[in-house]
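Take a look at the structure below.
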Amino acid sequence: MSRILMRLAAAGLALLLGACAHPISITPDTASLTDSRVQVKKSVAYVISDADRAQEVTTPGGGGDSVRYYPYRELESGIFQALSAVYSRVTLWRSGSERQAPASKDVALVFVPKVTTGSSSSSIVTWPPTSFFVTIAYEVQDAAGRTVYTNQVLGRGAAEYEEFKGDFGLAGKRATGDVLRNFKAQVEGAAELK
């Protein structure tokens, strides 16, 4: 009896050690973010710190495995594109303290995004995620650092085996593309109200 238990324990340990976090890319195609129905002649900034850019996230994939990626780094250019479609000048700040720099005196609004992500898979055989979500909760501040408004957008993406076998991060790319389109629409809507 103890041999059977030892074999089961060894098999369980092998399964546990076999599960790993696979690197994927969730950087979306940003071509759809370039046009806007609103064009505002204002200079804005957005804040993504070096610590945010270096933050690696691990979320579930399929078959007991996980996936890992860098959400801020992979969304950074899309946030820039979305803001650039609406505002005449967009600057990336690595910290909120850049507000004190002389070059920042023309900045009217500062966008401070917080990104959360999640993934899952309906497959017990393949490791890439089949379902993915991305949330951008963001605060918009005035030049003095006072909150003008806060908002949040959600993006979802899905991919099945036949689609993602050539692109393991496809569900993630669809989710990041969706969240950036939603972000741009919200920014346009807020700009129209001003």
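Only the coordinates and a few stated rules stand behind these numbers; no lab work does. Computed from a predicted structure; not experimentally measured. Neighbour counts are summed over all protein chains in view; Cβ atoms, including those assigned to glycine, are modelled from backbone coordinates with ideal geometry.
Summary of computed values
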{"quantity": "Inter-part distance where segment 30-69 and segment 148-163 are each reduced to a Cα centre, Å", "calculated": "11"}
{"quantity": "Coil-residue trypsin sites (Lys or Arg not before Pro) of segment 145-178, DSSP, other Cβ within 10 Å capped at 12", "calculated": "Arg146, Lys165"}
{"quantity": "Rounded to 5, the percent of DSSP beta bridges in the chain classed as antiparallel", "calculated": "70"}
{"quantity": "Structure-based [θ]222 nm, the chain - -39500 (n - 2.57) summed over DSSP H runs of at least 4, per residue, nearest 500", "calculated": "-11000 deg cm²/dmol"}
{"quantity": "Long-range HN-HN contacts of Gly169 with modeled amide H, under 5 Å", "calculated": "Ser25"}
{"quantity": "Under-5 Å amide H pairs with Val148, H placed in peptide plane, nonlocal only", "calculated": "Val140, Gln141, Asp142"}
{"quantity": "³J(HN,Hα), Karplus 6.51/-1.76/1.60, whole Hz, each residue of segment 29-40, x for Gly, Pro", "calculated": "6, 9, 4, 6, 9, 7, 9, 8, 7, 10, 10, 10"}
{"quantity": "Given Lys41/Lys184; Lys41/Lys114; Lys114/Lys173; Lys42/Lys114; Lys41/Lys105, the pairs whose alpha carbons are separated by over 20 Å", "calculated": "Lys41/Lys114; Lys42/Lys114"}
